[in-house]
Structures are given as C-alpha cells and as structure tokens.
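Working notes, beginning with the structure itself.
The values are calculated or read from the model by the stated rules, or taken from the named source; none is laboratory data. For clarity, every value in this text was computed on a predicted model and none was experimentally measured. Backbone-built Cβ (ideal geometry, glycine too); neighbour counts: all protein chains shown.
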Amino acid sequence: MPERPPEFSRIVRVNEIGEGTREHVISATDQERAALAGRFGLRRLDRLEASARISPEANGYRVDGTVTADLVQACVATDEDVPAHLDAPFVIRFVRDLETAESEEDEIELRDEDCDLLPLEDERIDLGEAAAQTLALNLDPYPRAAGADEALRALGVLREDEAGSLAAAFRDVLSGKGGGKR
C-alpha cells in the first residue's frame, strides 16, 4: 500500500540552501489545517505557522525555529472546547545515511542535540511535516476546561490529594488497617 503524503508538506531541496543559513516562514492553508486537526484529534486548528533556519552541518542539516499555532481541543472531563495557543521551539537534525549509522553494531553515545534526528531523504527537508510533528509533540495530552474539576467532583471523582497514595493504601492493607483480607 503506498504511503499517504503528509497533510502539510513544504519541501526545501538542499541544493537551494547553499553553504549559509536560510530562513523560511511557512503557513498551513485552511484545507491543510482541517486535515491536521483530523489527524491529531483536534476540534479546530485555526492557525499553524513555522519560522525556521536551515543550516548545513557535517553529514546533513540543522533546522531550528518556532511553531506557532492556535487550536481547540476537547476537555477530557467535560468535552467542552479548550482553546490553546502554542509557541513551540524546535531543533531537528536531518542526517544523511541515518539508517546506516543506526544499524551499526557499535554503541553510539548520543548528546542532547542528537535526540531529534531524521533521515535526509532524497536531499529534501519537509518543513511542513516537521512543523506538524512539533505541533503534535506539544499538544496538551489532557486538556481541561475551566469547570472540569467541579464536573469531575459531581461525578464522584476524587482529586489526587484526596485519594491518598497507593503506597499508603498498601501499607494499611499489609498492616491489617485497610480492612482487606490477609
């Protein structure tokens, strides 16, 4: 089955970069934002932009910049709209022959700047997909509306500090104070 193209693709060919740093600013269209909202389970994605600097490095390119987004997620407790604004910095290194380096049997020590590595495929960098992935990594995994705590309390859900710790519960059970059978 052929791989589906990304919803938001902005290709930069490395032969367009040259030896210096290149600045790029990209924005998603209405259609691209709607497709990304579906991909990431968002109610809406009202804005998605990225500014990036691409610099040549040994065996690849470094891309650093910022993704800016305005979006709406569903509250995990009430299903209400939770609007959010993101300004997320990113650094990604696109490396030639990444698969070869990863498959070598020698142990490789990684530095912090090595953690966001992607293969440089066909001498192209997809800034749009890099922005989309940065957006996904910076979404709130548990968005909560302003009244979420009250709604959960009405359903009988205790806050973490009210529920107590699991270790304390185990201690009580093991000591015979918890009412559980031994």
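In segment 55-69, is there at least one residue being in contact (Cβ under 8 Å) with a residue 60 or more places away in the chain, farther than 17 Å from residue 94 by Cβ and outside any loop (DSSP other than H, G, I, E, B)?
Going through segment 55-69, the residues in contact (Cβ under 8 Å) with a residue 60 or more places away in the chain turn out to be 60-61, 63, 67, 69.
Checking which are farther than 17 Å from residue 94 by Cβ leaves us with 69.
Now restrict to residues that are outside any loop (DSSP other than H, G, I, E, B): 69.
Checked segment 55-69: at least one residue is in contact (Cβ under 8 Å) with a residue 60 or more places away in the chain, farther than 17 Å from residue 94 by Cβ and outside any loop (DSSP other than H, G, I, E, B).
If you check residue 76 against the conditions, is it part of a loop (DSSP other than H, G, I, E, B) and more than 17 Å from the chain's Cα centre (by Cα)? So that I can check it myself, show each step before the final result.
On the way: part of a loop (DSSP other than H, G, I, E, B): yes; more than 17 Å from the chain's Cα centre (by Cα): yes.
For residue 76, the condition - part of a loop (DSSP other than H, G, I, E, B) and more than 17 Å from the chain's Cα centre (by Cα) - is met.
Within segment 133-144, identify whether any single residue is modelled with pLDDT under 85, within 27 Å of the chain's Cα centre (by Cα), over 22 Å from residue 95 (Cβ atoms) and not polar (S, T, N, Q), and answer yes or no.
Filtering segment 133-144 for residues modelled with pLDDT under 85 gives none.
Within segment 133-144 (the criterion being modelled with pLDDT under 85, within 27 Å of the chain's Cα centre (by Cα), over 22 Å from residue 95 (Cβ atoms) and not polar (S, T, N, Q)), the answer is no, since none of the residues qualifies.
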Residue in segment 90-101 that is within 19 Å of residue 36 (Cα to Cα) and either buried (at least 17 other Cβ atoms within 10 Å of the Cβ) or modelled with pLDDT of 90 or more (or both) present: yes
Cross-chain or 6+ apart pairs with Cβ under 8 Å, segment 142-166 first and closer than 23 Å to residue 82 by Cα and exposed (fewer than 12 other Cβ atoms within 10 Å of the Cβ), then modelled with pLDDT of 80 or more and aliphatic (A, V, I, L, M): 142/76
Search result, residues across segment 45-87 that are within 18 Å of residue 136 (Cβ to Cβ) and touching a helix residue (DSSP H, G or I) at 6+ places or on another chain (Cβ under 6 Å): 45, 48, 50, 52, 67, 69
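Taking the stated definitions as given, is residue 113 more than 25 Å from residue 12 (Cβ to Cβ), at pLDDT below 70 and outside any strand (DSSP E or B)? It would help to see each step written out before you state the result.
On the way: more than 25 Å from residue 12 (Cβ to Cβ): no; at pLDDT below 70: yes; outside any strand (DSSP E or B): yes.
When the stated conditions are applied, residue 113 does not pass them.
I need the full set of residues from segment 131-146 which are in contact with a strand residue (DSSP E or B) (Cβ under 6 Å, 6 or more places away or on another chain) and more than 13 Å from residue 41 (Cβ to Cβ), in order please.
Step one: filter segment 131-146 for residues in contact with a strand residue (DSSP E or B) (Cβ under 6 Å, 6 or more places away or on another chain), giving 131, 134-135, 138, 143, 145.
Listed by number, the residues that qualify are 131, 134, 138, 145.
For residues in segment 21-40 being in contact with a strand residue (DSSP E or B) (Cβ under 8 Å, 6 or more places away or on another chain) and in a loop (DSSP other than H, G, I, E, B), which is surrounded by the fewest Cβ atoms within 10 Å (Cβ to Cβ)?
Taking segment 21-40 as the starting set, the residues that turn out to be in contact with a strand residue (DSSP E or B) (Cβ under 8 Å, 6 or more places away or on another chain) are 21-28, 32-34, 36-37.
Filter once more, keeping what is in a loop (DSSP other than H, G, I, E, B): 21, 28.
Working: 21: 13, 28: 23.
The selected residue is 21.
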